[in-house]
Amino acid sequence: MERVGARQLRFDSRLRCTFLDSKSGQCEVYEARPMICRLFGMILGVMECSHGCVPERWLTKQEGYELMRRVHELTGLPAPAEPDETVPAWIAVQFKR
């Protein structure tokens with residue numbers, strides 16, 4: 001949170017991030033974006049890009065979870081919940097702490 005400033009990362013009812021500029025749709029904290037944002041569009045069957053972008057290699061849900069777990073381990077934050085079958089639930093758990 002230190003990297004992205006005082007504002008807290010939240011999602012609205014459509015899972016739209018509060019760091020997205022409402023006019024341009026661009027991320028306002030792109031260079032300092034959290035791991036969950038870096039994973040967006042990279043996890044096959046779970047967090048695919050709604051705009052049709054395709055990565056060079058898809059990550060599995062487990063690989064995404066392991067990356068999140070490692071970030072939490074390095075930062076001293078509580079470990080994330082195990083990945084859920086529903087994206088909104090999994091994302092919500094990560095940011096309710």
### Message
I'm trying to understand the selection: among the residues of the stretch 30-45, which are among the charged types (D, E, K, R) and assigned to a helix (DSSP H, G or I)?
### Response
E31, R38
### Task
Could you please let me know if R10 is within 18 Å of R69 (Cα to Cα), modelled with pLDDT under 85 and of a type in the set (K, R)?
no
### Task
Output the residue which, of all residues in the stretch 16-29 that are surrounded by 10 or more Cβ atoms within 10 Å (Cβ to Cβ) and under 16 Å from C49 (Cα atoms), is modelled with the highest pLDDT.
C27
### Matching entry among G41, G64, G52 (being of a type outside the set (F, W, Y) and either surrounded by fewer than 16 Cβ atoms within 10 Å (Cβ to Cβ) or more than 11 Å from the chain's Cα centre (by Cα) (or both))
G52
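The values are calculated or read from the model by the stated rules, or taken from the named source; none is laboratory data. Everything numeric in this text was worked out from a predicted model, so none of it was measured. So basically every Cβ, Gly included, is an ideal-geometry build from the backbone, and we count neighbours across all protein chains shown.
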